[in-house]
Structure formats: C-alpha cells, structure tokens
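Here's the structure we're looking at; comments come further down.
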Amino acid sequence: MGILGGGGFSLPVITQTDVVDVKITVTDSALKQMKNTIKGEEDSHCLVVSAQSGGCSGYLYDMKIMENPESDQFQIQDFEGVKVYIHNNDSALLNGIELDFKDTLMGGGFNITNPNASRACGCGQSFG
Amino acid sequence: MIKLQSNNTNCKYYIQKCSVTVVEGKDSVSHINRIITSNISNISDLEYCESLICDANGKIIDAIEISNISEQLLILGIPRSAGKTRELIVSGIHWNEEVKIMNGDGALSIITIFGDNIEEIKKILGEDNVNQKIGIWKEVNNYYTLNIDLKLDAQVNILIQNNSIEEFTKTIILQGVKLSDKDTWDIHRIRNGILSEQEYNQGFLPAELALDKIVDLKKGCYPGQEIHARLESRGKVSKKIMRYSTDSQIDIGTYKSDTGRKIRITSNVNGKGLAVVSVKEKNLINLDDKISLITEEL
C-alpha cells in the first residue's frame, strides 16, 4: 500500500466541468477530402477531432478516422453523411473551429482555424 | 519506527508549503510528459525528478517535483500556481487516455530535515530509513524519505500524510531537531542554491534561473519549447540568477546598478540572498543608492 491511496485514504478527484454545445464548420475542400477518406464506411466510421495537452502552445489537435466510439460523451455533427465526433472534454477548446483542407505539396493536409486560440504554433498543430 | 538516540544535533525541520496533485492511470506519465520541460517517460518506481511548467512564451508558470510512487505520480508545486497547473493538466487529457487527477492539498505534506551532513540526519531517522542514493524515495512505515542532492549541506524530505505530522514531529523533536523559522530555512536554501516561490513566480525563463538542466530540448514539443530552443541555439540569455552578499540593508525588489542595468533581488536574509542580474554585470555590483553587492554563481 502506498501513502497516496488505500487504508481509507482517498483524495478528491478533479474533473473537467466546462462542457459547451459544439458547433463546427467544414469547408468544401475539407468535406470532399473527408468523404473520399471515409467512402463506403459512413455508417460505421467517423472523424474524431480532439485536443490534448502539449505542443509549443499548450494544446495539440488530434484527428482520427475510426469506428464510431460507443461513449455517450461525444457530440456528433453530420456533414452530408460524414459524422464528426467531438468529446465533451474538448468542447470548450474546439467549439467554433473551422476544418479546412489544403491540397498542396508543402504544408498541405487538414488545417484547423480555432476562434478560441489566442496563439498557434507555426506548424498549425498546436494552439493555446 | 524512529529510534530515540541522541538529542545533540544541529538539524532543523521545516514544513514546506506546496501544492499537491496526484495523477494516476496507465497514461499518466505520457500525459504529464507532454506538458513539462523535462523527460519523465522512463521514470521508475520511487524515482524523483524536478521539472518546470512553462507558458507558450517560455516563462516559468510552476516549478514542480514529480515522484513516481506506487504507480501514481505525485506532483508538488508552488501553491500560488496550483490553479493554473491543474487547469492545464485537467483540460489536456486526451479523450482516449486513462488519467485521473486528484487534489492532495491539505492531505499530504513535505517536512524537510536539514543539517550539516547526511549521517546526522540518518541518526535521527534511522540508518536504514534514508536511501544513500540521491533522488530515490524510501518507504518507511507511514511516510517516505528522500535524500536530496545539495552542494554544501544535507537535506532529507519526508512525505507524510497530514494526520501523521504531529506524531512524527514529536518524535524528531525528542531527538533534538528544532523547528526552523522562515529565515533559517531561507539561509539554508540560499546557501545551497535552492530556489523558492519568490524566484519562480517572477516570470523568468528557465535559463535565467540556471535551470537548463531540467529542460530537455530533445524530448519533443512542450509549451515554451520553441523559445527555449531558440535561446539555447542563439545563446542570448541576458540575465541570470546569482547569490549575493552585502553589508548594507537591502529589501526584495527591483534596483538599478550604476551601469543603468536592472537588478532584481528575489531573496534576502541578513544581507545574503539571490538576485537576477544582467550577464554583463561584474561580480561587484554597485547600486545607485550606494549599496554594493558581491555576487557569485549558484
């Protein structure tokens, strides 16, 4: 048994409480790319957009195409059959973002514009 | 248990003020590692390490001590920075990660026993109750001990539940260990180059406080890393922390030297203290109000 737990010794858990209703926008080029990527699996798969601590500016974006998560902690938006999932924990950080896609050889790929960010890293992956 | 042996000791104890956060879950190390300046990806059981949490401008928000105890990370920080630090830790948990954050304020404390040499402290706590190895906790009944690496003196930190403090301190007082007042503690930390809230809370960069050793520029991105990397590659740190002594009365605050450069006095006890000064200053600094400081590297 360690000093930090057991034996009737428990500490209060700190949880994220700031949950907002998420509304995001997707540009035509991003939607086209999402449709291409997820084609044929629209019912079973989705795009999960999330944030995690780290990066140069405080938080890092993360985007994954994956099987629809079973958790009820996600807010879901449907864009012409493509579902975008955002977890409640990320709702305050990601509400209002615009998903864009740039089809260029240098610096191409998905790009996120975030109205909640007061700064962003040059590579576009980190914000704060 | 501590054995009563002798009451002839110069050792003192001081109860440190710190915020206590406990992080558990299989992803706790990788989660915390993304936020801090040092690399704890390989932290082993009972290992202790120092680190910093910085803002995007590279300035220090919190100075933390991280320990891996029984698969939980114990994070001790500056009380005034606890809110910011916990907000950062809690808000940045990836939805797919297993991380639980707990507030240990008021439940756990650090008692520091300090003196001239480690053998004297070992006599008080028991030879087998302090690790000879620096920076590794040792479990002793209802508390843990940690042998701290200091330049001049010896120091052992005790991690203890608050409800056991009274019993523990009674035992060491019986051994002759006296409660240290703030000034005596400050003299000890100034002498040994231990920084405190007074230094950390001024918005300095790690290099300005000679904390480069706990900044790992090879571990990947963390908040402030861009600034730290640029400073390191260009070598343009303009000020640094020094230990000073003076015969004059001086208070904590900002002064100007006779060269016109700013001097920030961050700690002072009886004419000895710590100051952040321009790297261009010589070891004898004359302030414009006729005070002279003799400075040396930490």
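The set of residues in region B:161-213 being of a type in the set (G, A, S), away from chain A (no Cβ under 14 Å) and surrounded by fewer than 19 Cβ atoms within 10 Å (Cβ to Cβ) consists of B:G176, B:G193, B:S196, B:G203, B:A210. Among residues of region B:54-76 being at the interface with chain A (Cβ under 10 Å from one of its Cβ atoms) and of a type in the set (D, E), the one that is farthest from B:L146 (Cα to Cα) is B:D55.
Condition check for B:S51 on (1) among the polar types (S, T, N, Q); (2) touching a Lys or Arg at 6+ places or on another chain (Cβ under 8 Å); (3) more than 10 Å from chain A (Cβ to nearest Cβ): one failure, at (2).
Quickly run through region B:116-142 and pick out the residues that are under 22 Å from A:L11 (Cβ atoms), assigned to a strand (DSSP E or B) and either away from chain A (no Cβ under 14 Å) or open to solvent by 10 Å² or more (accessible area, probe 1.4 Å) (or both). Scanning region B:116-142 gives a single hit, B:E139. Being surrounded by fewer than 20 Cβ atoms within 10 Å (Cβ to Cβ), among the hydroxyl-bearing types (S, T, Y) and in contact (Cβ under 8 Å) with a residue 60 or more places away in the chain holds for only one residue in A:T113, A:T104, A:T25, A:T17, and it is A:T25.
Taken over region A:89-113, the criterion of being within 14 Å of chain B (Cβ to nearest Cβ) and either touching a strand residue (DSSP E or B) at 6+ places or on another chain (Cβ under 7 Å) or part of a loop (DSSP other than H, G, I, E, B) (or both) is satisfied by A:D90, A:S91, A:L93, A:L94, A:N95. On the given criteria, is B:N96 within 30 Å of A:I65 (Cα to Cα) and either facing chain A (nearest Cβ under 10 Å) or at pLDDT 95 or above (or both)? Yes; evaluated as a whole, the condition is true for this residue. When region B:70-115 is filtered for residues that are part of a helix (DSSP H, G or I) and hydrophobic (A, V, I, L, M, F, W, C), the ones remaining, listed by number, are B:A82, B:L88, B:I89, B:V90.
The values are calculated or read from the model by the stated rules, or taken from the named source; none is laboratory data. If you're wondering where the values come from, they're calculated on a predicted model, not measured in any experiment. Note that we place each Cβ from the backbone using ideal geometry, even for glycine, and neighbour counts take in every protein chain shown. Keep in mind that these areas ignore ligands, DNA and RNA; they rest on the heavy atoms of the full protein, side chains included. Shrake-Rupley method; radii C 1.70, N 1.55, O 1.52, S 1.80 Å.
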